[in-house]
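The values are calculated or read from the model by the stated rules, or taken from the named source; none is laboratory data. What you see is a predicted model; the values in this text were computed from it and never measured. Methodologically, a virtual Cβ is constructed for each residue, glycine included, from the backbone with ideal geometry; neighbour enumeration extends over all protein chains shown. Heads up: the accessible areas ignore ligands, DNA and RNA and are worked out on the full protein's heavy atoms, side chains in. Shrake-Rupley method; radii C 1.70, N 1.55, O 1.52, S 1.80 Å.
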Amino acid sequence: MNRPEPDLSEDDESSSDESATPAKRARADTYGASSTTSHASNLQESDDEPETPVSSNFSGSFQTPKAARLNYAERSLDNDVRLSRSSLSENCSSPNEYDDFRPGFGDPDNDGEESPTKPSFQDNDTFYNKTSNQYKDSGADESQNGEYSEKSLRMMSNMGYKPGRGLGKLEDGRTQPVEASTHKGRRGFGLKPSILGEIPKDFKWTPDESQPEAKEEVSWMPPPPDDPLPGYLLSDWLVRGAKKLTIDDEIDFVEPHILKGVLDAKTIFDGLYDEDLRHARFRSNPYETIGSVIFLNRAAVKMANIDAVFDFMFTSPKKQNGEDTVDKKEILYFADVCAGPGGFSEYVLYRKGWKAKGFGFTLKGSNDFKLSDFHAGTPETFNPYYGVKDDGNVFDPANLTSLKDHVLKQTDDKGVHFLMADGGFSVEGQENIQEILSKQLYLCQCIAALMLVRTGGHFVVKLFDVFTRFSVGLIYIMYRCFEKVCIHKPVTSRPANSERYLICKWKKLGTESTEQHLYSVNSMLCTSLETGEDILELVPLNVIQEDTGFYEYIYKSNCILGERQIKHLLKIAAFSKDKALKEKSQAEMKKQCLQIWKLPDSVRKQSERLSPDDTLLSILATLKKPPQDSESARDFKTRVLNKKPEYLDSDKDLTKFKNVYDWHFMFLSSAKNSPDLKIFIGCGGKQVFQLESNGWKNVADLHVTMPAKTLVYGEIVKEYRGEGNSQFNRKTLHIIDALMLGGVDISYYPLTGRIIQCNLFCSAISKPFDNLALPIRCKRLFNLEQFASALNNLEYRTMKRIKRAITIDTPDRIDRNEMFYVVNSLLFLKEIKEPWSAQMSKKSGHKYYFSLDRDKKPRSEYFIPDVAVVDTIGAYTGRVMWPWEPSPNAVFDNLPHSGLTRSAFEQYIVHNTNR
């Protein structure tokens, strides 16, 4: 049975997909999960915005009953976790059959006695009537405290006022001032007042809590055992049973009073107006004003926050030995699952530009990807996909399988470097069991990671509460599949919700068995909707508890985050009751955080759309070495871009190749003066133009997209598949060379380096599964000294309209599909500039680059010096073309014909290289 899959949602932003969930209680939505709609006074569980770090301040100590005592300071996860002054300080351990495993809170020296620092439980009035000089404005009027100034009392006395008596002759008038109206808007009769619910008595918040910090610390779980769990063992561990829809007894991984406090605290805002709640939340959160800065939503900033905290392990991944994961000849591949409208991806594309290619998977509908709103990133390299069912339902096993095939085919069967999952859905009326309702979402996002992430890659997924055995068992399975794992709550995640993130680093080899097992579990959950049976446990509790490092980490994390959530809920309650309270550190936190995360402190702006000429001038102005005609678009087009190539017509023209090793060549489909050889400029998205004389023509009919500030030299080629009457053909764009790619200046690279960048660019913007999109490829470059062997790549094929033609396979090994194109000419481009020249070493067999300096001393390098490079403009204006018309077959077969012959060219090359 199909179930719509969840994606994160929040009241003001974030990735959000809404999914069908089990029947809901009919009551006002309280502090709830990432919901696509705000209801009444609900606090949403997911902001699609972040919360505070997992390893932030916490005081107090862990204590295990009996002999196995655990102290927070002594037994922290990495002995480097910051512990706060607020802390849970009473012993809350409750004995049961697992007593020896559950850590307790308290003074380890008290041996189970009640801690002297146990929080005092005050009634609501006592708690809220406390004054706070830290938050109140210093110039408050005395009347705020129910008192009058001496001048006011004198004036009132002169007018007949007597304390305690009414006004008027008979002293039967008002005794209290007229209160200001609190009526809000056009609200009708019967509206209940905006009031807070009952405050949990075991916890309190006071203004002297620890101050917020911009810098976050990470606490990793202890290193896991070497190997992932085998599938047969996981199958034996499965526990089935009746569906459970209560969570108040899930105390295996948290202190009972903290669980109760979390559940109770979520109900205190049921009677509060949504407007009052939002205002209190905004004023009380130190990180609230960070907002979404330049991005689509706060989710993008949250991903920037996570990326920076983990040393940019997602946008600049490293291997375990410290080397860069992404090779210079490769782009960064990532996947974004349950991710609409796409904030996470916009951040990655902002950081990496077109050198990152993303695969998005989310529910179709109102929370689909909004690529037109990717103003900070490059949407041209992002590819939404919705599975074989075309609905984006991540619960559907067929969709998961098709997603795997889709991604692996475009990543050379390696997978992505990292996967982000940010799913959530509305749980209106069922906030307390959000974790139970989200169990299949947790599962399917983890399955996607095991399917799509390559060995050595990373994974980040949003979770909410993790109190149940199912959730903790799933985390344990992922813990065994990666080298390093942690649970972290970033500061951009609102501190009063239960959101947190599971960070998994360096995927291990051999996770296929685990992937297949979890896939089968998801299939069982899909069928359980009809049978009423459920999967209750993935890993037995005793197995988890025997791994003491993992168990203690989960227990401690739940307790820390739970207590922090309760305290921030109480803080919001205090701010909603006292409108004078304000978090004074917001401006400073925003400044510090944006500096740490390397984000600009500026507002979001719509993507700049320039005309082709303005784009050309912008490109020329930002080149490392601007050409002479860069101030006038018309002059540059006339003198440079419209310059015709030189042609090889006879043997005498071979002297153009003074040194063969300095030159390279490509096979073209175009003949002499063909209109298919063009300069193309990209102004962003589908705004792509080709140069026609001194004007620009929109090529919307080609269905090609390019990032803004792209200038390439290319050829429109007709590619074929099959032979004879069954032959099929389609148009493609072959890039020959480029000046700038998506704002990246490559004009000063050597020709071979530019071709590498063009190949990466084509890989990034190609959309092989879009039947309307024009395929884009990069021409294959050959060394001129290898002319004879390069011609061996050509072959005759039977064509539909002519007897046969000389052809070559398309230059795309991933999306080739047995396609080929007809060869009608060769194009020669020079790479080395005089007085430098390329030579071949007789000893090593490698090229080196030689020149005489000013003192006539020889200088040789194995890498092309900058001064020896022929830049893009020089290579373009100095290009040489050898048309094989009117008889390509005669040239290829070396038959007698007028003009330059193949044998003459080959002899010249042999003579030139043997000098």
Residue set Asp649, Asp601; condition closer than 30 Å to Pro207 by Cα, in a loop (DSSP other than H, G, I, E, B), in contact (Cβ under 8 Å) with a residue 40 or more places away in the chain and open to solvent by 80 Å² or more (accessible area, probe 1.4 Å); output residue Asp601
In the range 143-162, is there at least one residue being under 49 Å from the mean Cα position of the chain (by Cα), of a type outside the set (Lys, Arg) and either modelled with pLDDT under 75 or open to solvent by 40 Å² or more (accessible area, probe 1.4 Å) (or both)? yes
Considering only the range 527-543, I want to know if a residue exists there that is in a strand (DSSP E or B) and open to solvent by 30 Å² or more (accessible area, probe 1.4 Å). yes
Can you tell which of Pro626, Pro540 is closer than 25 Å to Tyr501 by Cα and out of contact with any strand residue (DSSP E or B) (no Cβ under 6 Å at 6 or more places or on another chain)? Pro540
Among strands (runs of 3 or more DSSP E) entirely within the range 788-839, at least 1 residues that are among the aromatic types (Phe, Trp, Tyr) occur in 795-797, 820-822, 825-830
Phe769 of a type outside the set (Val, Ile, Thr), touching a residue at least 24 places away in the same chain (Cβ under 8 Å) and open to solvent by less than 30 Å² (accessible area, probe 1.4 Å): no
Of the residues that make up the range 741-748, is at least one touching a Phe, Trp or Tyr at 6+ places or on another chain (Cβ under 7 Å) and open to solvent by 10 Å² or more (accessible area, probe 1.4 Å)? yes
Report whether or not Leu245 is crowded, with 19+ Cβ neighbours inside 10 Å and either in contact with a helix residue (DSSP H, G or I) (Cβ under 6 Å, 6 or more places away or on another chain) or part of a loop (DSSP other than H, G, I, E, B) (or both). no
Matching residues, the range 332-362, being of a type outside the set (D, E, K, R), farther than 16 Å from Leu419 by Cβ and touching a residue at least 60 places away in the same chain (Cβ under 8 Å): Pro341, Gly353, Trp354
Within the range 685-719, residues in contact with a helix residue (DSSP H, G or I) (Cβ under 8 Å, 6 or more places away or on another chain) and at positive phi come out as Gly685, Lys709
Output the residues belonging to the range 317-352 that are open to solvent by 10 Å² or more (accessible area, probe 1.4 Å), within 21 Å of Cys762 (Cα to Cα), out of contact with any Leu (no Cβ under 7 Å at 6 or more places or on another chain) and modelled with pLDDT of 95 or more. Thr325, Tyr333, Tyr350, Arg351
Can you name the number of the only condition in (1) open to solvent by 60 Å² or more (accessible area, probe 1.4 Å); (2) in contact (Cβ under 8 Å) with a residue 24 or more places away in the chain that His734 fails? (1)
Report those helices (runs of 4 or more DSSP H) wholly inside the range 259-356 carrying at least 1 residues which are over 28 Å from Ala587 (Cβ atoms) and of a type outside the set (A, V, I, L, M). 343-352
If you scan the range 565-583, which residues turn out to be of a type outside the set (Lys, Arg) and not in a loop (DSSP other than H, G, I, E, B)? Gln565, Ile566, His568, Leu569, Leu570, Ile572, Ala573, Ala574, Phe575, Ser576
Could you tell me which of the residues Val416, Val427, Val460 is more than 21 Å from Phe482 (Cα to Cα), touching a residue at least 12 places away in the same chain (Cβ under 8 Å) and crowded, with 22+ Cβ neighbours inside 10 Å? Val427
Members of the range 585-598 found to be of a type in the set (S, T, N, Q), part of a helix (DSSP H, G or I) and surrounded by fewer than 19 Cβ atoms within 10 Å (Cβ to Cβ), listed by number: Gln592, Gln595
Being modelled with pLDDT under 95 and not small (Gly, Ala, Ser) is the requirement here; does Asp651 meet it? yes
Could you check the range 692-712 and list, in sequence order, the residues that are within 32 Å of the chain's Cα centre (by Cα), open to solvent by 10 Å² or more (accessible area, probe 1.4 Å) and among the hydroxyl-bearing types (Ser, Thr, Tyr)? Thr705
Among residues belonging to the range 399-413 that are open to solvent by 40 Å² or more (accessible area, probe 1.4 Å) and assigned to a helix (DSSP H, G or I), point out the one that is nearest to Leu452 (Cα to Cα). Lys404
State the number of residues belonging to the range 254-288 that are of a type in the set (Phe, Trp, Tyr), in contact (Cβ under 8 Å) with a residue 12 or more places away in the chain and surrounded by fewer than 24 Cβ atoms within 10 Å (Cβ to Cβ). 1
Within the range 504-516, take every residue that is open to solvent by 10 Å² or more (accessible area, probe 1.4 Å) and in a helix (DSSP H, G or I) and give me the one that is nearest to Asp465 (Cα to Cα). Glu515
Name the single residue, out of those in the range 369-385 being in contact with a Gly (Cβ under 6 Å, 6 or more places away or on another chain) and part of a strand (DSSP E or B), that is surrounded by the fewest Cβ atoms within 10 Å (Cβ to Cβ). Pro384
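Listed here are the residues, each with its yes/no results for (1) closer than 30 Å to Phe782 by Cα; (2) touching a strand residue (DSSP E or B) at 6+ places or on another chain (Cβ under 9 Å).
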residue	(1), (2)
Gln595	no, no
Leu616	yes, yes
Glu646	yes, yes
Lys652	yes, no
Lys658	yes, yes
His664	yes, yes
Ser674	yes, yes
Within the range 604-641, residues being open to solvent by 30 Å² or more (accessible area, probe 1.4 Å), in a loop (DSSP other than H, G, I, E, B), farther than 18 Å from Ala708 by Cβ and not polar (S, T, N, Q) number 5
